[in-house]
4 protein chains.
Amino acid sequence: MKTLTEDILYRVIKKRAKDSHKGTYGRVLIIGGTAQFGGAVIMNALAAVNSGAGLVTVATDPSNFTALHSHLPEAMVVDFNEDLTEYIKKSDVVLIGSGLGDRIDLVQHTFYAILPRQILIVDGSALTLVAEHKLKWPKSRLVLTPHQMEWQRLSGVTINEQAFEAFNMLAQQRMNVEPILVLKQHHTQIYTNDCAFEIPVGGPYQATGGMGDTLAGMIAGFTAQFMLSFSEAILAAVYAHSAIADELAETRYITLPTEISASIPEFMHRYSR
Amino acid sequence: MKTLTEDILYRVIKKRAKDSHKGTYGRVLIIGGTAQFGGAVIMNALAAVNSGAGLVTVATDPSNFTALHSHLPEAMVVDFNEDLTEYIKKSDVVLIGSGLGDRIDLVQHTFYAILPRQILIVDGSALTLVAEHKLKWPKSRLVLTPHQMEWQRLSGVTINEQAFEAFNMLAQQRMNVEPILVLKQHHTQIYTNDCAFEIPVGGPYQATGGMGDTLAGMIAGFTAQFMLSFSEAILAAVYAHSAIADELAETRYITLPTEISASIPEFMHRYSR
Amino acid sequence: MKTLTEDILYRVIKKRAKDSHKGTYGRVLIIGGTAQFGGAVIMNALAAVNSGAGLVTVATDPSNFTALHSHLPEAMVVDFNEDLTEYIKKSDVVLIGSGLGDRIDLVQHTFYAILPRQILIVDGSALTLVAEHKLKWPKSRLVLTPHQMEWQRLSGVTINEQAFEAFNMLAQQRMNVEPILVLKQHHTQIYTNDCAFEIPVGGPYQATGGMGDTLAGMIAGFTAQFMLSFSEAILAAVYAHSAIADELAETRYITLPTEISASIPEFMHRYSR
Amino acid sequence: MKTLTEDILYRVIKKRAKDSHKGTYGRVLIIGGTAQFGGAVIMNALAAVNSGAGLVTVATDPSNFTALHSHLPEAMVVDFNEDLTEYIKKSDVVLIGSGLGDRIDLVQHTFYAILPRQILIVDGSALTLVAEHKLKWPKSRLVLTPHQMEWQRLSGVTINEQAFEAFNMLAQQRMNVEPILVLKQHHTQIYTNDCAFEIPVGGPYQATGGMGDTLAGMIAGFTAQFMLSFSEAILAAVYAHSAIADELAETRYITLPTEISASIPEFMHRYSR
């Protein structure tokens, strides 16, 4: 288990090329947010846009459109009951699962429509649905972001066993696609294809609803922009998420997800060269 | 009548344990907000989330979902016309009554479904409904947050008599459940099972609509997190609410409820050790 | 024509009494905002609440409820198509007309239901409707807030003639109720029963949509709180509105209505003794 | 190709005349925003209002009204499915096209109803629709704001050829109306009737969704106010938009459209004499 340092941020966050345009920074599609859990996709999208994704579209229950636009006119919306095939096809990154409730149909369709070259981040309820329905993982560039209970459901590795890196790595390798695994916990761990990392930052002021939705959105934003260094982009997103929380916690008892997102552009600026 | 000091904040607001997660800080269910009084539950929820509750769900009229999410994507929502039994069961703290209008059915159902180990905060319209319909109090860990007229309706103690601690304590003890009573007024009083307290902070800049909804939300947030010191958590919430107002009033003629909620994380940070 | 000085602020804005409560600071009812002009009542309400009114209810088209609550959970709402008689009766101040469109029925009903002891502020479209339909003014404590064209329609005094104080005063006295007239223009004039005043503050950075709605809301908030010095409260509101704009304009090319409202609590604090 | 300097800001942004009123600063009508792309008109309107337009009305899908008012109660709304003839007639500036989807009917109607003395800004989807349907340009004071691909579709000038000023100028002159062309790119170019300009400001931190909607809104706001120096107003708007981004980018990795709009009043203040 390697411990990451802030050097990952300097390596990943590049000064942008002068003649780049929004297409350069990726198209992100976020699928989630039933009427009851609409806040989840709002937090996904706030994180993705503030991280610098070029274009963000949110496929969600139509009852969430107005609240999303109240936060973020920068995002586009689509009813997630429509056929999303075209939306998935033209995306560079698809994030599915935050606040998705029991919408197994959306997980199945996304797994079916996604292409191998595309990045697919699976979060929250989608992870539980995959475990319950024993869905097969698609052959895309896959990122899973379970917390410890979700990982137990998915992999069979109990929370106690998760303390041992080898168990997690074995379970990850057994999935025929070998996803990058972001195992959320105090000092979150990331398992790439050949290596395990731990972040030394973050703390219990992050223990509040929506923190994971913000992390998933940041991973979407970072991988959309820094696609060529795919696994490093994930490492950087996870590191940045908790490092921002640490900074906010110097003056706050808890660090709200929306505040973390609002801090991203200034944080990233300090690491871009 | 003991006068509280800011020492109550140091005693209650603990530095969070490193390996805690959002479940550690409690599940809060807020029930209230008819279409006309939707602002009340928004202020409840802003206070509870900013106080550090782990997970907050708002059961309210569906017409309030969007405005709530515009303020606070961190909260989840449910239509309060659905069967709330399961939501009540999995909560640590239930707050009912802010902006509840005449929905006696929701009070009755909550009183029926709540368990003895659970914390139940009864505020606003729910208090008036209990008095009008002579409802029996449930056997949970009960907190009542009446202003002086609501307390008169509930207890029969007139506003004049309320100046005498003994009358209030007697009325409180006569309720077979002996709730903790937060009697809102200039220098709010709190009656626990065996003692009466007064806060020396707060002032007339708080005399504005929604101030009580914010206090109720803070009590929910504090008791959800600091459950083991239940009555002290309430004392701390009441103290913090007015102490924040005092600070804001150094530069403001009135102190709006939403501004008080926004100030909670920085305020609590200063008292956590 | 007397020129007001900032002394009016010191005279009107009192330090609040310790044992006061929100009832002490008045109940304001705002009637306005068709679906197309919903922003007007939002700006009314932001101004009234930030000025310190005790309780604010907005009677408007239901399609405006969510946007209002997104700005201001502190306000209550009611569908203006319901019977408003009870709402009018229990108010201390009624403000009608901002963004009211062609809803003459609401003007007529309000004029019918209002009592002599109540304060009635008539603004915007309501003024035009009164002129068009030659409605009779009700016998309440009446405040009119026309801009120059609206005043011409109401009084027959042409904009050129309005430069002469005597014409305005005569027209005002001819209305059998002798309202207080706030004649909006560069250096707004106020005609009370026996005197004409001009404010020396304000400027063209205020020339932006919604500025008048904010002024009307401030007059509602000030008269609700400082009812005993009714005409002085109006003078203070008008003065404060433009004085705040002057301060903002030290760093801004234009001064948006919502920014003026946000500045009220800190502004009033500096004048309260 | 002339390179603009900040002198254009000093020349255009005038200190406002004392006796001016909101009518002096123009009526802007914004037409755009299907249910899916509602954010676009919100960003248009935020830019126009913050630039100082006197009165702004947004004709859009009704599902966007609430989110717009949550950002900006200062704007009025109208359903874009109603007959907009009267709205177009009483406007000084019409901006059509941001987030307009496939609503060719709205483009056709606007081109039909607009008068020669009126300013018409055509942006986003409207440009693509004009190209696809080979619509004839109306005889108004026309501004086009294509990015490079949209310009290729409209003019037949390929992106490679666009590097040569002469090609763009020839294509522009061939349109029988000779519009002012704002060709968005790294260092945006502006083609007036007789001259080509380039701005030396702006950078890749602007490469994010909604940036163009904000620029179109600023052009609307500037031309509405500074109508007499029509082409200079456009130059100033384009310059200001990127100069503000440059300032924000001193501390931010990306510069969000909504942040640019929020910075306009303070930015313009520094250049007004």
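A quick yes/no check of all residues on (1) among the aliphatic types (A, V, I, L, M); (2) in contact with an Asp or Glu (Cβ under 9 Å, 6 or more places away or on another chain):
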{"site": "B:98", "(1), (2)": "no, yes"}
{"site": "B:122", "(1), (2)": "yes, no"}
{"site": "B:128", "(1), (2)": "no, yes"}
{"site": "B:140", "(1), (2)": "no, no"}
{"site": "B:148", "(1), (2)": "no, no"}
{"site": "B:154", "(1), (2)": "yes, no"}
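From the list A:222, A:267, A:197, exactly one residue is in contact with a Gly (Cβ under 9 Å, 6 or more places away or on another chain) and among the aromatic types (Phe, Trp, Tyr). Which is it?
A:222
Taking residue C:94 as meeting all but one of (1) under 27 Å from residue C:178 (Cα atoms); (2) out of contact with any strand residue (DSSP E or B) (no Cβ under 9 Å at 6 or more places or on another chain), write down the number of the exception.
(2)
Please count how many residues of segment B:11-27 are under 16 Å from the mean Cα position of the chain (by Cα) and more than 10 Å from every other protein chain (Cβ to nearest Cβ).
The qualifying residues number 1.
Which one is surrounded by the fewest Cβ atoms within 10 Å (Cβ to Cβ), of the residues in segment A:50-70 that are facing another protein chain (nearest Cβ under 7 Å) and under 25 Å from residue A:226 (Cβ atoms)?
Top of the filtered list is A:54.
All but one of (1) under 27 Å from residue B:88 (Cβ atoms); (2) touching a Ser or Thr at 6+ places or on another chain (Cβ under 7 Å); (3) hydrophobic (A, V, I, L, M, F, W, C) hold for residue B:245, so report the exception by its number.
(1)
Among the numbered criteria (1) touching a residue at least 60 places away in the same chain (Cβ under 8 Å); (2) in a strand (DSSP E or B), which one does residue C:182 miss?
If we test residue C:182 against (1) touching a residue at least 60 places away in the same chain (Cβ under 8 Å); (2) in a strand (DSSP E or B), just (1) comes out false.
I'm checking my understanding of the structure. Among residues of segment D:71-87 that are in contact with a His (Cβ under 9 Å, 6 or more places away or on another chain) and of a type outside the set (Gly, Ala, Ser), which one is nearest to the other protein chains (Cβ to nearest Cβ)?
My answer is D:73.
Checking the conditions here, which among A:216, A:236, A:240, A:224 is buried (at least 22 other Cβ atoms within 10 Å of the Cβ), within 14 Å of chain D (Cβ to nearest Cβ), in contact with a strand residue (DSSP E or B) (Cβ under 7 Å, 6 or more places away or on another chain) and within 27 Å of residue A:24 (Cα to Cα)?
A:224
Quick check on this structure: which one of B:158, B:208, B:128, B:145 is out of contact with any Leu (no Cβ under 7 Å at 6 or more places or on another chain) and either touching a residue at least 60 places away in the same chain (Cβ under 8 Å) or over 23 Å from residue B:112 (Cα atoms) (or both)?
Of the residues listed, the single one that is out of contact with any Leu (no Cβ under 7 Å at 6 or more places or on another chain) and either touching a residue at least 60 places away in the same chain (Cβ under 8 Å) or over 23 Å from residue B:112 (Cα atoms) (or both) is B:158.
Would you mind telling me which numbered condition in (1) under 15 Å from residue C:226 (Cβ atoms); (2) surrounded by fewer than 24 Cβ atoms within 10 Å (Cβ to Cβ); (3) facing chain B (nearest Cβ under 10 Å) residue C:8 fails?
(3)
For segment A:103-112, state whether one or more residues are assigned to a loop (DSSP other than H, G, I, E, B) and either without any contact (Cβ under 8 Å) to a residue 40 or more places away in the chain or buried (at least 22 other Cβ atoms within 10 Å of the Cβ) (or both).
Yes; the residues of segment A:103-112 include at least one that is assigned to a loop (DSSP other than H, G, I, E, B) and either without any contact (Cβ under 8 Å) to a residue 40 or more places away in the chain or buried (at least 22 other Cβ atoms within 10 Å of the Cβ) (or both).
Please specify each residue of segment B:42-74 satisfying the condition of being closer than 16 Å to residue A:70 by Cα and in contact (Cβ under 8 Å) with a residue 12 or more places away in the chain.
B:42, B:63, B:64, B:65, B:67, B:68, B:71, B:72, B:74
Kindly provide the set of residues from segment D:87-112 that are out of contact with any Gly (no Cβ under 9 Å at 6 or more places or on another chain) and either charged (D, E, K, R) or at pLDDT below 95 (or both), ordered by number.
D:89, D:90, D:102, D:105
If the requirement is being closer than 28 Å to residue D:47 by Cβ and modelled with pLDDT under 95, which of these qualifies: A:57, A:24?
That would be A:24, the only listed residue that is closer than 28 Å to residue D:47 by Cβ and modelled with pLDDT under 95.
Read through the list (1) facing another protein chain (nearest Cβ under 8 Å); (2) polar (S, T, N, Q); (3) touching a strand residue (DSSP E or B) at 6+ places or on another chain (Cβ under 9 Å); (4) surrounded by fewer than 24 Cβ atoms within 10 Å (Cβ to Cβ), then give the number of the only condition that residue D:34 fails.
Tallying (1) facing another protein chain (nearest Cβ under 8 Å); (2) polar (S, T, N, Q); (3) touching a strand residue (DSSP E or B) at 6+ places or on another chain (Cβ under 9 Å); (4) surrounded by fewer than 24 Cβ atoms within 10 Å (Cβ to Cβ), residue D:34 fails exactly one: (1).
In segment D:247-266, which residue that is of a type outside the set (Val, Ile, Thr) and not in a helix (DSSP H, G or I) is nearest to the chain's Cα centre (by Cα)?
D:256
Would you tally the residues in segment C:1-41 being part of a strand (DSSP E or B), closer than 30 Å to residue D:71 by Cβ and β-branched (Val, Ile, Thr)?
Total meeting the criteria: 3.
In segment C:136-146, is there at least one residue being at pLDDT 95 or above, assigned to a helix (DSSP H, G or I), of a type outside the set (A, V, I, L, M) and surrounded by fewer than 20 Cβ atoms within 10 Å (Cβ to Cβ)?
Taking every residue of segment C:136-146 in turn, none turns out to be at pLDDT 95 or above, assigned to a helix (DSSP H, G or I), of a type outside the set (A, V, I, L, M) and surrounded by fewer than 20 Cβ atoms within 10 Å (Cβ to Cβ).
Return yes when residue B:188 is within 14 Å of another protein chain (Cβ to nearest Cβ), of a type outside the set (A, V, I, L, M, F, W, C), in contact (Cβ under 8 Å) with a residue 40 or more places away in the chain and buried (at least 20 other Cβ atoms within 10 Å of the Cβ) and no when it is not.
When the stated conditions are applied, residue B:188 passes them.
Which one of these is within 10 Å of chain D (Cβ to nearest Cβ), among the acidic types (Asp, Glu) and surrounded by fewer than 24 Cβ atoms within 10 Å (Cβ to Cβ): C:247, C:259?
Of the residues listed, the single one that is within 10 Å of chain D (Cβ to nearest Cβ), among the acidic types (Asp, Glu) and surrounded by fewer than 24 Cβ atoms within 10 Å (Cβ to Cβ) is C:259.
Confirm whether residue B:46 is touching a helix residue (DSSP H, G or I) at 6+ places or on another chain (Cβ under 7 Å), part of a helix (DSSP H, G or I) and either closer than 27 Å to residue A:147 by Cβ or away from every other protein chain (no Cβ under 11 Å) (or both).
yes
Quick one: which of A:131, A:166, A:126, A:171 is assigned to a helix (DSSP H, G or I) and surrounded by 23 or more Cβ atoms within 10 Å (Cβ to Cβ)?
Testing whether each residue is assigned to a helix (DSSP H, G or I) and surrounded by 23 or more Cβ atoms within 10 Å (Cβ to Cβ) leaves just A:126.
The values are calculated or read from the model by the stated rules, or taken from the named source; none is laboratory data. Since this is a predicted model, take the numbers as computed values, not measurements. Neighbour counts are summed over all protein chains in view; Cβ atoms, including those assigned to glycine, are modelled from backbone coordinates with ideal geometry.
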